[in-house]
Amino acid sequence: MSKLGNLGARLHRGEISYDFVGKRKIWYGISILITITAILGLAVRGLNMGIEFQGGAVFTTPTHMSTSVAQAEGYAKDASGHEAVVQKLGNGSLRIQIAGIDTDKSDQIKQTLAKDLSLDPEKLAADLVGPSWGEQIANKAWEGLAIFMVLVVIYLAIAFEWRMAVAALVALIHDITITTGIYALVGFEVTPGTVIGLLTILGYSLYDTVVVFDSLKEQTKDITKQTRFTYSDIANQSINGTLVRSINTTVVALLPVAGLLFIGGGFLGAGTLNDISLSLFVGLAAGAYSSIFIATPLVADLKEREPAMKALRKRVLAKRAQAAAEEDLTDARSADGAEPEDAAPAVVGPRSQGAARSRGRGRPSGKRR
């Protein structure tokens with residue numbers, strides 16, 4: 001068995017464990033710091049909404065253009081008065097996106113661009129997106145996200161309990177905030193592909209959380225009938241028992257996404273991959289983090305507020321204190337060299353010899369006449 005597999009088996013059996021729940025205030029603090037940074041990024045820089053959401057025009061040149069991306073950006077800005085996003089496609093053509101312009105001005109911009117690029121205007125393809133259509137797409141995206149959240153809460157409340165539903169919802173909001181904040185800080189364009197990526201990572205994060213919740217639900221059956229573990233102890237066991245599985249699935253999922261983001265979008269320059277690959281990469285990492293460090297510790301916090309769990313915690317801690325006191329007393333006796341009370345005292349010296357002789361009196365010598 002590999003070292004990682006052996007570690008996973010030992011974690012699952014409870015032979016070793018890390019106190020995730022006990023250190024939950026640290027994880028809460030880290031998450032709050034990251035979330036505040038993401039919110040500041042959204043407030044200061046905002047999202048770079050794609051042309052699909054705010055309307056505009058997309059111009060595509062013929063293949064094998066000698067004009068560089070920087071030159072095309074300058075031409076597009078001069079022709080429209082707006083910042084443009086220019087991408088060099090695999091066949092050598094240029095894709096020029098100009099957002100926030102009226103469709104009435106598109107013909108004029110097309111003529112100016114064709115002149116600057118030394119092209120026949122008929123060879124410069126133009127696709128127009130009206131602002132009303134882009135606004136409709138944005139509204140539909142938000143509606144889909146809200147419906148997804150509501151369905152998640154209802155399902156978890158029925159399948160598990162409302163505390164787990166609340167914890168999962170907090171974890172999902174945490175993942176969305178971090179991912180959108182990274183988009184604002186990096187400046188990547190938000191497209192329908194980004195929305196697809198967000199919904200994908202939310203489903204993944206939810207799956208990872210449900211796995212831990214299912215283990216927790218199974219292990220906490222009849223929890224009040226024992227006095228060995230508190231709810232937080234069992235919650236921590238559930239995290240440790242599924243930890244290696246979570247790490248394996250996260251790493252396996254991140255590898256191909258990292259290839260899309262860093263190799264496809266960065267090294268090879270396929271910028272069209274950035275919109276979905278960044279949301280997947282950040283979201284997968286944030287989802288794995290939230291399922292381990294946010295969702296389950298938050299469930300433990302909520303459950304420990306119940307009267308039954310409070311009473312159980314008092315009984316468990318009292319029993320542990322009693323066991324610790326007895327162990328300390330035993331250690332103290334061992335250190336002083338005292339014998340246990342039920343052991344017979346050893347008799348040494350003349351008394352033992354006299355006692356031995358008295359026990360031998362009146363007995364035959366063993367010789368027969």
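Any read-out appearing in this document is the output of simple, stated calculations on the displayed coordinates, not a laboratory observation. The shown structure was predicted, so the numbers you read here are calculated from the model rather than taken from an experiment. Glycine also receives a Cβ, built like all others from the backbone with ideal geometry; neighbour counts cover every protein chain displayed.
Here are some notes:
- Size descriptor for region 55-97, Kirkwood hydrodynamic radius: 10.3 Å (Cα pairs only, one decimal).
- In this structure, the residue pairs whose Cα-Cα separation is over 28 Å, taken from Lys88/Lys140; Lys217/Lys310; Lys140/Lys217; Lys25/Lys310; Lys23/Lys310, are Lys88/Lys140; Lys140/Lys217.
- Legend: calculated FRET efficiency, Val251 to His64, from the Cβ-Cβ distance at R0 = 41 Å, rounded to 0.05, equals 0.50.
- Net length gained if the chain between Phe262 and Tyr155 were fully extended (0.36 nm per residue, minus Cα distance): 34.9 nm
- Summed side-chain charge close to Ser80 - residues other than Ser80 whose Cβ falls under 13 Å, Lys, Arg +1, Asp, Glu -1: -4
- Scaled against the 2.2 N^0.38 Å expected of a compact globular protein of N residues, the Cα radius of gyration of region 35-172 reads 1.47.
- Förster-model FRET efficiency, 51 Å R0, Val170 and Asp120, C-beta, rounded to 0.05: 0.35
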